[in-house]
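Notes follow the structure.
Readers should treat all values here as calculations from the given coordinates under stated rules, not as data from a laboratory. What you see is a predicted model; the values in this text were computed from it and never measured. Cβ atoms come from the backbone with ideal geometry, glycine included; neighbour counts cover every protein chain shown.
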Amino acid sequence: MKLVSFADVKLEDVNVEGAVGTKIRWLISQKDDAPNFALRMFEVQPNGMTPFHSHAWEHEVFVLEGQGELVLAGEKKPFKRYDVIYVDPEIFHQFKNTGETVMKFLCIVPHEDAPKKKMREESSGNPFAAGTANNC
Ligand code: ZN
């Protein structure tokens, strides 16, 4: 169990190539012994952006503050506070701040390694049961 204010979670620079004015708080992560998912909070400065990238796992995003643009291959979609965004695996994507204030969003991802805790062995539609859903 963990119960903290987000403000008490360390705000870290995102140093990945292509990231501009972007910081991250790992609100819940493997450091907390969460077996499957990480909850991150991003803070993107005006004119800042996450890198244009793709990977084998999905993003589940909730926009807390500000406004921005989701950049996909050949497509741009504006978003604003309280919008919900799902980014499929293997899709190139980038989050850009298009506003004049800090843009903040939550982003849930599976851990990069295999889940530590299996749910149920017999499949009930749970993709983690076989341990194959979140390879990176
Ligand atoms: Zn991503």
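Could you work out the local net charge near VAL63, counting Lys and Arg as +1, Asp and Glu as -1, over the other residues with Cβ closer than 13 Å to its Cβ? Local charge sum for VAL63: 0.
Neighbours of LYS2 by Cβ distance under 15 Å: Lys/Arg scored +1, Asp/Glu scored -1, total +1. In terms of distances greater than 28 angstrom between alpha carbons, the cross-link table entries LYS2/LYS23; LYS10/LYS77; LYS23/LYS77; LYS31/LYS77 yield LYS10/LYS77; LYS31/LYS77. Each residue in ILE24, ILE85, ILE91 was given a count of other beta-carbon atoms within 10 angstrom of its own, and listing them fewest first yields ILE91, ILE85, ILE24. Bridgeable aspartates and glutamates around LYS76 (alpha carbons under 13 Å apart, same-chain partners fewer than 8 residues away excluded) are absent. Rg and Dmax of region 10-110, based on Cα coordinates, read 12.8, 39 Å. Proximity of backbone amide H atoms, modeled 1.01 Å from N, is registered between TRP57 and GLU90 at under 5 Å, excluding neighbours fewer than 5 places apart on the same chain.
In plain terms, the residue of PHE37, PHE79 with the fewest other Cβ atoms within 10 Å comes first and the most crowded comes last, giving PHE37, PHE79.
Cross-link reach is defined here as a Cα-Cα straight distance under 17 Å, omitting same-chain residues fewer than 8 places apart; for LYS80 the aspartates and glutamates meeting it are GLU43, GLU60, GLU65, GLU69, GLU100. Looking at region 17-119, the GluC sites (Glu not before Pro) that sit in a DSSP loop and have at most 16 other Cβ atoms within 10 Å of their own Cβ are GLU17, GLU90, GLU100, GLU112.
The ranking of SER5, SER54 from fewest to most other beta carbons within 10 Å of each one's beta carbon is SER5, SER54. Within 12 Å, Cβ to Cβ, of LYS76, how many net charges do the neighbouring residues add up to if Lys/Arg are +1 and Asp/Glu are -1? Cβ neighbours under 12 Å give a net charge of 0. Phi angles across region 73-85 convert, under the Karplus curve 6.51 cos²θ - 1.76 cosθ + 1.60 with θ = phi - 60°, into 3J(HN,Hα) values of 4, x, 8, 10, 10, x, 9, 9, 3, 6, 6, 10, 10 Hz, Gly and Pro given as x.
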